[in-house]
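Below is one structure; the comments refer to it alone.
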Amino acid sequence: MYSHIVDLADVLQDKVSKRLYELQATLGADDEEVRKLFLNFQKELLSAEDTEEGFMDSIFTCLDSEAILRMEDMLAGPIGRFVRFVLSEDYFDLFKQFLKIEELCAFSLSSMYIPSGGKRPLLHIHAICYAIKDLFALDAMGADDEELLNSCRIEESVDGDVWYLPNTFNIIGEWLTVKIRTGDEAVVDYIANELSGKDYDYSKLWCELFITPVFKSANHRLLVSIIRLLRHQEDYFDPFEGNIFYQHIGITPESMLFLLDSIEKNNQSVTNLEFLLYLMLFPQENLGLSENQYAEALSIAAKCLRDSAFRRQLLSDTDYHKVYIALWAIGFYDADEAWNVSNELIEDERPQSKKVVLAYYQNHWAKKGLEVITQRINQQR
């Protein structure tokens, strides 16, 4: 995991470094697990280079995947003691709220970590590690809510350049997510104003800042603003190429259904939005789906997201596109459960099931998952 703290403004880097050294001075020798986590955490934040994911490695040594059924279970034992040590009480509470939100979000399957045992491969671990780092930096910054909101304000200079003051762009997301989800009126009003009050030409910049928190929080008022923005885009992919639509990072089923319903309710073809949602299903490999099947595929996806019995039923369908969409919907609710279902599918002796699983992991940039699944398929031959 690359430490993006080094990209922050110098004054904030100084505050983060100071807080780290203050904590190091109080680090007790009696809790070796917390000590190891902290030293790896400190090394990663202070490094200007890729640290080979040392912090995440140390987190995994403290996790028992058999005992983790919900994300909050990760706070039991040394992980919880470590997070309590590095975050103030207010930010620790915010982190716990973020875990509850993250559990509801679809996530990229690009994790390098797939433990061989346990029911949950813990594919959300990247988001959790980033949240600890980001919230720690905001905590060290010591700003109040108003200052944090102003810190993500986008300004336009005389020559047309767009920039942020100060540079907290990379670390504000989790804070915004919790504030929106918990209905903080000041934050929701601020973002609604930013989304509606700008020239659409600059949408790429403010969507990069706000779109993940909006989709994670599933705030209807802000989702309406996002849909309006999408309908004004001449280039359907430019503002969103990257994480959200291509890799499923941080979008809840509730938000996805809101987007899908917005097409049907208007009873018209919303080209940009429809194609973006299609990319959520098939970002790379579409298993031979033709363009005139897009609308039907999105309709099936909506039904799968609404009905758990229906998506389970579709797993045994003879149409492998439907099997794929059912697996996609399961993964939308729980990426770890999709991993378990995928392993069941490759053992059901239907050649199409293996094809579907391979396409699913290829589509979500799941290099490690694809490697492991491919190995398991090859072992069966």
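Observations on the model:
- Some residue of the range 333-345 being touching an Asp or Glu at 6+ places or on another chain (Cβ under 7 Å), assigned to a helix (DSSP H, G or I) and of a type outside the set (Asp, Glu): no
- Any hit, the range 267-282, residues being at pLDDT below 90 and of a type in the set (Asp, Glu): yes
- Lone qualifier among SER111, SER116 - being at pLDDT below 55, open to solvent by 10 Å² or more (accessible area, probe 1.4 Å) and closer than 26 Å to TRP339 by Cβ: SER116
- Test: residue in the range 9-31 that is modelled with pLDDT under 90, touching a Pro at 6+ places or on another chain (Cβ under 8 Å) and open to solvent by 50 Å² or more (accessible area, probe 1.4 Å): yes
- ALA301 falls short on exactly one of the conditions (1) at pLDDT 90 or above; (2) closer than 28 Å to GLN380 by Cβ, and that condition is (2).
- Odd one out for ASN292, checked against (1) open to solvent by less than 70 Å² (accessible area, probe 1.4 Å); (2) farther than 18 Å from LEU257 by Cα: (1)
- Filter result for GLN375 (at pLDDT 80 or above, under 26 Å from HIS124 (Cβ atoms) and exposed (fewer than 14 other Cβ atoms within 10 Å of the Cβ)): yes
- If you go through the range 297-328 and keep only what is surrounded by fewer than 20 Cβ atoms within 10 Å (Cβ to Cβ), touching a helix residue (DSSP H, G or I) at 6+ places or on another chain (Cβ under 6 Å) and of a type in the set (Ser, Thr, Tyr), you end up with just TYR320.
The values are calculated or read from the model by the stated rules, or taken from the named source; none is laboratory data. What you see is a predicted model, and the numbers here were worked out from it, not measured in a lab. A quick note on method: Cβ atoms are made from the backbone with ideal geometry, for glycine too, and the neighbour counts reach across all protein chains shown. Heavy atoms of the whole protein, side chains included, go into the accessibility calculation; ligands, DNA and RNA do not. Shrake-Rupley method; radii C 1.70, N 1.55, O 1.52, S 1.80 Å.
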